[in-house]
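The next block holds one structure in the form of structure tokens; read it before the comments.
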Amino acid sequence: MMNPLRIAADEWRLWYRSRLAMVGLAAVIGLLAGTATITALRVHTESKDRTEGQVQADEHFLTQPDRHPHRMIHYGHYVFRTPAPLAIFDPGIDALTGDAIFLEGHRQNSATFASAQASTNLGGFGALTPALMYQLFVPLLLIAFGHSVILRERELGTLPTLLAQGLSTSTLVAGKMLALVGLITLLLLPALLVLFFALANGASAIVSLTVVLSYALYLLVWAAIIMLASLTSRHRSWALGVLLGIWFSWTLLIPRLGATITRLRIPTAGKIEMDLLMQEDIRRAGDGHNATDPAFVNIRTELLAQHNVERVEDLPVNIRGVVAEASEAALTTIMNRYANTRMRLEVSQAKAVTSFGWLSPPLALSAASQTLAGTDLATHHRFLREAEKLRLDFVQGLNRIHAQQLRYQDDIDRSRNTEAEKRTRVSAESWSLLKKFSFSRAQANDRISVAFRYWMMLIAWVAGIAVACGLATRRLAP
Amino acid sequence: MNTPLSTDIALEAKQLMVVRSGQVVLQQLSFVVEKGQIFALLGGNGAGKSTTLLTFLGFLPPTAGAAYVQGLNVEQHTREVRQAIAYLPEATTLYTHLSAQENLSYLLTLAGRQIDRAAIDKALDTVGLPTRAHAQRLDAYSKGMRQKVAIALALLRETPILLLDEPTSGLDPVAIDELNTLVQNLAAEGRTVLMVTHDVYGACQVADRIALLHNGSLVGTFSASKGAPIDTNTVHTAFKEQTVR
């Protein structure tokens, strides 16, 4: 029972006495700590900026003077999404998707202010984050440390000496594996610090723990494949070459291949193409600014009949407001149809890409990590939907004010009659109908249950490689 | 497959055949080593001497026949067998990142023996390793010094059986004499020694019995008569005949 621990301790002693290993380990831990600090500071600043941005946007909207309600619809309003607490560990796709949306009538604007558009990121590479460090670079350190754990005993001839002490090959492999697990634990310490910081900033404890476990599981996949290479290779150069080939395939080749295949399998129309198609449908739905547009004849007829009057001027409501409300509802249905189609396609593409996690553990981990951190595509879609709900609420609220508080005749005359124009201004107090925007991410349990799907991929990898290691251990001989 | 053996028999090779990479390395090899005996396997390069030791350790499975250690079939009781044997490999294979003391402490603990530092130092003194070298890492050691550490390890295992593969390799003449005395003392304590060598003179000096191997087969055995060692000339002549043939 103690022998695996003794073997692990000796492996650690060897690493400790190797200056190169210690320098490498210190460099990676330093880089992890540095990346974590920089990312945490950046996300903290973004969070502060967005919170302040939201306060300012709210103030700007609410402090607008008395105005025609439709002008306020076009004046619009910004909503911001503050970064998830766990974004300090894995910012996910936040840098690409944008974190603010300008809400206005008749339009569903895209999210803006994506940090990937900032000049510092225009080199084509994303910023180095703790998540990326663990996904890409920590495995390289594990390879450097671990590729020779068994191979070295064979090369130096210490394997027969060890086995001649009555040690079983499984004890030896267990000890070496324990050494790698110890190294993984050490390398996860900076991640734990980051996650403690996230916890202090409101991250869910269970989700934070699951993030650490996901990375531990991922690095365990690497430890297992490294062990397998060390068990089955005859030369260090061979083991190292095979492992670097696996690293290249898993981290670079398969994810890009997956994305390319997915684009071919599930093509999506470009934004401009989609927008043109949507504009065509919107045109057919009529112009809500024009109450006489043939598209709204039915509304006019129904209203006149309902109130038993001959002329729109005699209606108790302003038909222009009613038409604007109906038009906005019709436009929103069209825009939502396009938005939902686009989101469904994006989800299908994302699912298709992450299904390559069965071939590439980094893909599986990345999907689990972004899901848990709340920086994934689903969270972005949730932001778009919540923002759209707010947009429709405030636009329709203003349209109703338009219909109920403004006289039709004043509305017609306001461009040529100053007094009429004054009467079409509604009190600024009405702007308080705008609800405060507070983006809510998916519940911890929901995120964990989605991430479990990706965990299954990692567990399958560990199990498969463990079986292969078991077979190789049985065949291990001096 | 277990053969009832006399309790006096420490090692037995029975119709042993080993094939490695399609080549027959041992064939029809049979011999017994009694407890407390020093048994030397003599032969030229490629005679199968080291293979015989590796088969007794369970590192090489026999293609046919069987090897027994204290009555236990090696293939079926590999773990118990290895615990009963201290093995000194031909090329001294110890950890160069560790000192002599650390090597012994580590390997002995893995073998299930808790030996204190004083006992380790005493064993290193016994094999003639300078005291100042005890705490030095092995990467600064000569081949002979490493060999002494390996011998100390074999001694500290305190097993009933010692398998020594070219134990005098790398040692100076004084150290060889000291080793031979040590081996004889161990045998006098009742421990069995199976050693592999191509040093005819050395084998005749210490061994109670010598088996001459050629191309994996036993081609002659020589025993010491009471009080007199095996005649070097006789063995040397037989050895030359076999290797020149």
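The values are calculated or read from the model by the stated rules, or taken from the named source; none is laboratory data. Quick caveat: nothing in here was measured; it's all calculated off a predicted structure. Here the Cβ positions follow ideal geometry from the backbone for every residue, glycine too, while neighbour counts run over all protein chains shown. Heads up: the accessible areas ignore ligands, DNA and RNA and are worked out on the full protein's heavy atoms, side chains in. Shrake-Rupley method; radii C 1.70, N 1.55, O 1.52, S 1.80 Å.
Among the residues of region B:206-234, what is the count of those that are part of a helix (DSSP H, G or I) and under 23 Å from B:LEU182 (Cα atoms)?
Of the residues in that region, 2 qualify.
Given B:LEU179, B:LEU156, B:LEU186, which one is crowded, with 21+ Cβ neighbours inside 10 Å, outside any strand (DSSP E or B), more than 14 Å from chain A (Cβ to nearest Cβ) and out of contact with any Gly (no Cβ under 7 Å at 6 or more places or on another chain)?
B:LEU179
If you check B:GLY46 against the conditions, is it closer than 16 Å to B:MET195 by Cβ, more than 14 Å from chain A (Cβ to nearest Cβ), surrounded by fewer than 24 Cβ atoms within 10 Å (Cβ to Cβ) and modelled with pLDDT under 95?
no
Just to be sure before I move on: is A:VAL297 more than 24 Å from A:ALA463 (Cβ to Cβ) and open to solvent by less than 30 Å² (accessible area, probe 1.4 Å) in the structure I sent?
No, not satisfied.
Among B:ALA10, B:ALA84, which is surrounded by 23 or more Cβ atoms within 10 Å (Cβ to Cβ) and either at pLDDT 95 or above or among the aliphatic types (A, V, I, L, M) (or both)?
None of the other options fit; the residue is B:ALA10.
Among the helices (runs of 4 or more DSSP H) contained in region A:1-88, which hold 1 or more residues that are within 14 Å of another protein chain (Cβ to nearest Cβ)?
Here the list reads A:3-17, A:19-62.
Considering only residues that are among the aromatic types (Phe, Trp, Tyr) and either open to solvent by less than 80 Å² (accessible area, probe 1.4 Å) or in contact with an Asp or Glu (Cβ under 7 Å, 6 or more places away or on another chain) (or both), which ones fall in region A:13-28?
Once the filter is applied, which keeps residues that are among the aromatic types (Phe, Trp, Tyr) and either open to solvent by less than 80 Å² (accessible area, probe 1.4 Å) or in contact with an Asp or Glu (Cβ under 7 Å, 6 or more places away or on another chain) (or both), region A:13-28 yields only A:TRP15.
Yes/no per residue for (1) free of Cβ contacts under 8 Å to residues at least 12 places away in the same chain; (2) open to solvent by 20 Å² or more (accessible area, probe 1.4 Å):
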residue: B:PHE56; (1), (2): no, no
residue: B:PRO61; (1), (2): no, yes
residue: B:ALA66; (1), (2): no, no
residue: B:ARG79; (1), (2): yes, yes
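A:PRO190 passes all but one of (1) open to solvent by less than 10 Å² (accessible area, probe 1.4 Å); (2) not β-branched (Val, Ile, Thr); (3) not in a loop (DSSP other than H, G, I, E, B); which number fails?
Failing condition for A:PRO190: (1).
Could you check how many residues of region B:87-111 are open to solvent by 10 Å² or more (accessible area, probe 1.4 Å), of a type outside the set (A, V, I, L, M) and modelled with pLDDT of 90 or more?
Residues in region B:87-111 being open to solvent by 10 Å² or more (accessible area, probe 1.4 Å), of a type outside the set (A, V, I, L, M) and modelled with pLDDT of 90 or more: 8 in total.
Output the number of residues of region A:261-288 satisfying the condition of being more than 30 Å from A:VAL353 (Cα to Cα) and open to solvent by 90 Å² or more (accessible area, probe 1.4 Å).
2
What number of residues within region B:112-133 satisfy the criterion of being buried (at least 19 other Cβ atoms within 10 Å of the Cβ) and closer than 22 Å to A:ILE7 by Cβ?
The qualifying residues number 1.
Could you list all residues from region B:90-112 that are facing another protein chain (nearest Cβ under 8 Å), within 17 Å of B:LYS143 (Cα to Cα) and touching a helix residue (DSSP H, G or I) at 6+ places or on another chain (Cβ under 6 Å)?
If the condition is that a residue be facing another protein chain (nearest Cβ under 8 Å), within 17 Å of B:LYS143 (Cα to Cα) and touching a helix residue (DSSP H, G or I) at 6+ places or on another chain (Cβ under 6 Å), then B:THR93, B:LEU94, B:TYR95, B:THR96, B:HIS97 are the ones that fit.
Kindly indicate the residue of region A:59-105 that is at pLDDT below 85 and open to solvent by 10 Å² or more (accessible area, probe 1.4 Å) and also nearest to the chain's Cα centre (by Cα) among those meeting that condition.
Here the residue is A:ASP94.
Quick one: count up the residues across region A:439-476 that are touching a Leu at 6+ places or on another chain (Cβ under 8 Å) and outside any helix (DSSP H, G or I).
1
Which members of region A:409-438 meet the condition of being modelled with pLDDT of 85 or more, open to solvent by less than 40 Å² (accessible area, probe 1.4 Å) and part of a loop (DSSP other than H, G, I, E, B)?
A:THR424
Go through region B:196-220 and report how many residues are hydroxyl-bearing (Ser, Thr, Tyr) and at pLDDT 90 or above.
Within region B:196-220, residues that are hydroxyl-bearing (Ser, Thr, Tyr) and at pLDDT 90 or above number 1.
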